[in-house]
1. Can you list residue pairs whose Cβ atoms sit under 9 Å apart, with the first residue in the range 11-25 being closer than 22 Å to residue 41 by Cα and the second being at pLDDT below 95 and not in a loop (DSSP other than H, G, I, E, B)? Count only pairs 6 or more apart in sequence or on different chains.
2. Scan the range 13-33 residue by residue and report those that are exposed (fewer than 10 other Cβ atoms within 10 Å of the Cβ) and either part of a helix (DSSP H, G or I) or in contact with a helix residue (DSSP H, G or I) (Cβ under 6 Å, 6 or more places away or on another chain) (or both).
3. What tally of residues in the range 40-54 results from selecting those that are surrounded by 10 or more Cβ atoms within 10 Å (Cβ to Cβ) and not in a loop (DSSP other than H, G, I, E, B)?
4. Given 65, 49, 115, which one is touching a helix residue (DSSP H, G or I) at 6+ places or on another chain (Cβ under 7 Å), free of Cβ contacts under 8 Å to residues at least 40 places away in the same chain and on the phi > 0 side of the Ramachandran plot?
């Protein structure tokens, strides 16, 4: 097999429809655009969401609530997940890069440690945030917490 004798699979390609090339072609005259109206003219483009004059969906549906532009989104990781990680890897300290390596967070995530589940090992944890319950549990077992800057 060489490059010069490669061909697309049978029936996978179609010839381009040549429009506006005279009456004899069968696609002359209106060039498959129908008769008159904006869509038959050159340069036509419809407005995004335009529904032919009918009230568009984004204006028919009522608006409610608001999105706080200052909200900080954290990736929550619970104590039971950390306990599993400690049992699996025998680590004494955990930081965001270790969580990323083990697939618990993504590179751009801000990590917050949450208090669900039980932690039985003494572990030093550094993260972007901690819940009160998680803080007290980690420190109660003799571990240290460190808040990493964003």
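1. 18/25; 19/25
2. Hits for the range 13-33 are 23, 24.
3. 2
4. On inspection, the qualifying residue turns out to be 49.
The values are calculated or read from the model by the stated rules, or taken from the named source; none is laboratory data. All values derive from a computational prediction rather than experimental measurement. Every residue, glycine as well, gets a Cβ built from its backbone with ideal geometry; the counts of neighbours run over all protein chains shown.
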